[in-house]
Amino acid sequence: TNDDIWAYEAMEAFIAKGSDDPQTYLEYEVGPNNVTFNAFIYNPSRVRREGAPMDQAFISDPLGDGFKAVTWLNKLAGTWTTESQIPLALFNGEDSTGSVWRMNFFRTITSASEFPEQKLCGWRNTGEANFHVTPAFGTIKFV
C-alpha cells in the first residue's frame, strides 16, 4: 500500500467534494495485483505547476478506514477488473444524495516489453502527461 504504483500498471481516481476546481483531493489507485495507493493531495496551483508546492498525506490504515478493493485477473483475455469502495466519511459526509463532486479517472498501462514507457488515458483529458490538473476534472452529481 502507498507505493509508487502509478509508475506501473494502475487505475487512478481523483475525487473531491464540491463543484470548484479543488486544491485538495483524494488520489486513489489500484493495480492488477490489488495493491493500492491512498492519499490526500495538496495541489495549490491546481495544475502541478513546476516549482509550486505539492504535498500528500497518506491514509495509513485504508482497510481500517473502510476502503475495500477486490481485483480479478483474466490472463487469457489480458484484462483485470477491480471493485472498490471508498468511505464517504473521508469527505465529511455520509449521504451524498444531490451533492456535486469533481472527479477524474485515469489509466496507466505498461508491459514488460514497454517498461518504463507507459500509455496514459483518462476520462477527461488533461492535455499532458500529468493527471494532477484539477480544471480538467469532470463534474458528478449524485442522485
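The values are calculated or read from the model by the stated rules, or taken from the named source; none is laboratory data. These numbers were taken from a predicted model, which means no experiment stands behind them. Here the Cβ positions follow ideal geometry from the backbone for every residue, glycine too, while neighbour counts run over all protein chains shown. Ligands, DNA and RNA are excluded from the accessible area calculation, which covers all protein heavy atoms including side chains. Shrake-Rupley method; radii C 1.70, N 1.55, O 1.52, S 1.80 Å.
So the values come out like this:
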quantity	calculated
Added length on full extension, which subtracts the Cα-Cα distance from 0.36 nm per residue, Ser60 to Asn74	2.1 nm
Per residue accessible area in Å² of the chain, where ligands, DNA and RNA are left out and the probe is 1.4 Å	59
Convex hull of segment 8-54 built on C-alpha atoms - directionally averaged projected area, nm²	3.9
Tail fraction, Cα-Cα pairs, segment 1-121, threshold 19 Å, whole percent	53
Stretch gain in nm, segment Val100-Val47, where the contour uses 0.36 nm per residue and the Cα spacing is subtracted	17.0 nm
Of all accessible heavy-atom area on segment 1-104, the percent that carbon and sulfur account for (1.4 Å)	49
Sequence-distant lysines (8 or more away, or on other chains) whose Cα lies within less than 24 Å of Lys75	Lys119
Mean ellipticity per residue at 222 nm, deg cm²/dmol - from DSSP H runs of n ≥ 4 across the chain, formula -39500 (n - 2.57)	-500 deg cm²/dmol
³J(HN,Hα) computed for each position of segment 83-99 - Karplus, 6.51 cos²θ - 1.76 cosθ + 1.60, integer Hz, glycine/proline x	10, 10, 10, 10, x, 5, 4, 4, 10, 6, x, 10, 10, 8, 3, x, 7
Sparse-neighbourhood loop sites, trypsin sites (Lys or Arg not before Pro) in segment 64-119 - DSSP loop, at most 14 other Cβ within 10 angstrom	Lys75
Net charge dipole size for segment 1-99 [Lys, Arg +1 and Asp, Glu -1 on Cβ; Debye, nearest 20]	160
Within a Gaussian network of the chain (alpha carbon springs, distance under 10 Å), most fluctuating of Glu83, Glu117, Glu50	Glu50
